[in-house]
Amino acid sequence: MSDMHEEPNGDTHADGRHGEGAYEQERTFAALPATHGRGFAQSWWGQAWLKALEDTALDLAQLKAGRRLARAGAVGAVSVRPGRITAVVQDRDGTPRRSDVLLQRLSEDEWDRFLGMAVERAGHIAALLDREMPPHLVEDAAAAGVELLPGIGDLEAECDCDAWDHCGHTAALCYQVARLLDQDPFVLFLMRGRAERELLDELQVRSVAQAETEETPAQEQEGAQEGVDADEAYAEGSILPPLPGPPSLPSEPGLPPSLDTEAEPAPGLDVAALEFLAAQAAVEARRLLAEALSPGHERQFLDQELTLEEDAVRLAAAAPAAPVSVRLAAAADRGRDGLALAVRAWEYGGPAALSVLEEEWTPEADALARARAALDAAWDDGERPRLRAARNRWTVVGSDAQLRHGTDGRWWPYRKERGRWTPAGPAAHDPATALAVVSGAE
């Protein structure tokens, strides 16, 4: 890709200026190769560009023809200059067509308002230097009366095929420019009338001037306003409107956007897995909102962040399709049966139950004494089942029942199924209650 258009004398400077210091007012981008299986715009501003085209064009067949030409690599080198983009587009029969798309340049007054707005927030300049165009930059510009992105009817077409509306050639050019905008939003600024170096120089000048003004002592600034007395500010605070109430809990999780589009997925992208993750994110968001709305939530401790293995079990508990389950089993470092066992534990008690399933630990002496006392108090004399203790696992002698003591002091019931100890229910603070789940005792 070439970042600048060279004059015949080759007098092109590293700072993007030509000749006697004039800013470069044209950039020429080499033709992009054919592309398949991807959208033309990945960035939101590139998509906004295409929306302006698709909302304006009257003939949908021409848009489809333009997409085919752009995907086939039929768009030649693209010239970008203030108010106009130009390229030669090869028709399907090989006929070259000169195609132009026109976009209104911003006036000097509009540029002045945009530059004044941009220097007020350092994040705007930082984003531009990173080749990003954050939505709030565009929103702030619009609030200042400057529309950066094109809207309906803003992209005017000219083509030597003599079409009166957007034809397949100008549509192909617009689709190709969307790819350029993804890489560099300064392409849009050049179309609006400012070259990259010119724009950055003007921002720098204004930034320096603003910094010097801010460093001037307040008493030396002409017309500086006096501060507000603290008592007065506090009194005014009491008349402010109340904060809005909390949001209501939706009846069910939101529906994620559909990924069923005409474009083929990128290589290696598992669409089914992505759709599953999006749906589970909506479920988790609703759960978190429900917890946040519950009484006393502000006094609860924050949950610890899940490990990769724990999160894989959480997702597997949602019963995904078989291919996704296989990937989750691998992420959890478990086989199919091991994942099923972990899911059962998760359904009874989340991370705490999963920890009891996998970890053995030896209670400290005082904790062990409390555990024995709890077991003794749970039954009358002569009725307590015989228990064989091994660290934190207490197995009923001659039975397929077991209690596991968690680090939080709760008891978890387990049952032996097909020779494997399996979670049998939720935890209980009373060992007799937990054991009743698997033994039938009260």
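The values are calculated or read from the model by the stated rules, or taken from the named source; none is laboratory data. Being a predicted model, the structure only gives us computed values, none of them experimental. We place every Cβ from the backbone using ideal geometry, glycine too, and count neighbours over all the protein chains shown. Note: accessible area is taken over every heavy atom of the protein model, side chains too, but ligands, DNA and RNA are not part of it. Shrake-Rupley method; radii C 1.70, N 1.55, O 1.52, S 1.80 Å.
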Per-residue ellipticity at 222 nm for the chain, helices alone: DSSP H runs ≥ 4 residues times -39500 (n - 2.57), over residue total, nearest 500 deg cm²/dmol? -13500 deg cm²/dmol
Run the paramagnetic zone check for Arg68: 7 angstrom along Cα to Cβ, then residues of the range 242-275 with backbone nitrogen under 18 Å. 262-264
Please identify, among Thr261, Thr56, Thr86, the residue showing maximal mean-square fluctuation in a Gaussian network model of the chain using a 10 angstrom Cα cutoff. Thr261
Convex hull of Cα atoms in the range 16-147, direction-averaged projection (nm²): 10.4
In the neighborhood of Val326, defined by Cβ-to-Cβ distances under 14 Å, what is the net charge if each Lys or Arg adds +1 and each Asp or Glu adds -1? 0
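Counting only chymotrypsin sites (Phe, Trp or Tyr not before Pro) that sit in a DSSP loop (anything but H, G, I, E, B) with at most 16 other Cβ atoms within 10 Å, what is the longest stretch of the chain containing none of them?
Working: sites that count: Trp164, Phe301, Trp361, Trp379.
Here the longest segment lacking exposed loop sites spans 1-163.
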So how far, in whole Å, is the C-alpha centre of the range 316-344 from the one of the range 345-416? 27
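Summing +1 for each Lys or Arg and -1 for each Asp or Glu, what net charge is found among the other residues whose Cβ lies under 13 Å from the Cβ of Pro134? Intermediate results must be reported in sequence, preceding the final value.
Details: positive: Arg121, Arg131; negative: Asp130, Glu132, Glu139, Asp140.
Result for the neighbourhood of Pro134: -2.
Pick out, in residue order, every one of the GluC sites (Glu not before Pro) in the range 269-349 that is DSSP loop and has at most 10 other C-beta atoms within 10 Å; say none if there are none.
Values: sites: Glu275, Glu284, Glu291, Glu298, Glu305, Glu309, Glu310, Glu347; in loops: Glu305.
Here the GluC sites (Glu not before Pro) that fit, given the DSSP loop and packing criteria, are Glu305.
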Shape parameters for the range 331-442, alpha-carbon atoms, Rg then Dmax in Å: 13.8, 49
For Asp380, solvent-accessible area (1.4 Å; no DNA, RNA or ligand), Å²: 100
For the chain, with only Lys/Arg (+1) and Asp/Glu (-1) charged at the beta-carbon, what is the dipole magnitude about the Cα centre, in debye rounded to 20? 3260
Fraction in percent of alpha-carbon pairs per bin - 10 Å, the range 267-396: 10, 28, 27, 22, 10, 2, 0
Between Glu383 and Ala290, what FRET efficiency comes out of the Förster formula 1/(1 + (r/R0)^6) with R0 = 30 Å and r the beta carbon distance, rounded to 0.05? 0.10
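Can you list the trypsin sites (Lys or Arg not before Pro) in the range 291-389 that are in a DSSP coil and have 13 or fewer other beta carbons within 10 angstrom?
Working: sites: Arg299, Arg314, Arg327, Arg334, Arg336, Arg344, Arg370, Arg372, Arg386, Arg388; in loops: Arg334, Arg386.
Answer in residue order: Arg386.
Based on the alpha-carbon gyration tensor of the range 156-210, what equivalent-ellipsoid semi-axes (square roots of 5 times the eigenvalues) come out, in whole Å, largest first? Before the final figure, lay out the partial values.
Working: eigenvalues 225, 29, 8 Å².
So the three semi-axes of the range 156-210 are 34, 12, 6 Å.
So what is the accessible area of the range 42-104 per residue, in Å², with the probe set to 1.4 Å? Present the calculation step by step, with values, prior to reporting the outcome.
Details: 2910 Å² over 63 residues.
With the other protein chains kept in place, the range 42-104 gives 46 Å² per residue.
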If only Cα atoms are counted, what is the Rg of the range 236-344, and what is its Dmax, in Å? 19.1, 65
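Give the value in nm², to one decimal: projected area of the alpha carbon convex hull of the range 375-415, averaged over all directions. Don't skip to the answer; put the middle values down first.
Values: hull surface 12.3 nm².
If you wrap the Cα atoms of the range 375-415 in a convex hull and average its projections, you get 3.1 nm².
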Distance between modelled label sites at Ala278 and Ala373, nm, 7 Å Cα→Cβ extension: 5.7
Among Arg67, Arg391, Arg192, whose mean-square fluctuation peaks in a Gaussian network model of the chain (Cα, cutoff 10 Å)? Arg391
Can you give me the relative contact order of the chain as a percent, contacts being Cα pairs under 8 Å and 6 or more apart? 11
Over the chain, with every protein chain in place, what whole percent of the accessible area is carbon and sulfur at 1.4 Å, could you tell me? 52
I'd like the distance between the alpha-carbon centres of the range 151-204 and the range 241-300, rounded to an integer number of Å. 36
For Rg/Rh (Cα atoms, Kirkwood Rh), several values are listed as [x] 0.97; [y] 1.08; [z] 1.17; flag the one computed from this structure. [z]
Residue span Glu347 to Leu308: 0.36 nm per residue of separation minus Cα-Cα distance leaves a gain in nm of 12.3 nm
Surface accessible to a 1.4 Å probe, per residue, for the residues of the range 265-404, Å²: 63
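Multiply the residue separation of Arg121 and Arg327 by 0.36 nm, subtract the distance between their alpha-carbon atoms, and state the gained length in nm to one decimal. Mind showing how you got there, number by number?
Details: separation 206, 0.36 × 206 = 74.16 nm, distance 4.42 nm.
Going from the current span to full extension adds 69.7 nm.
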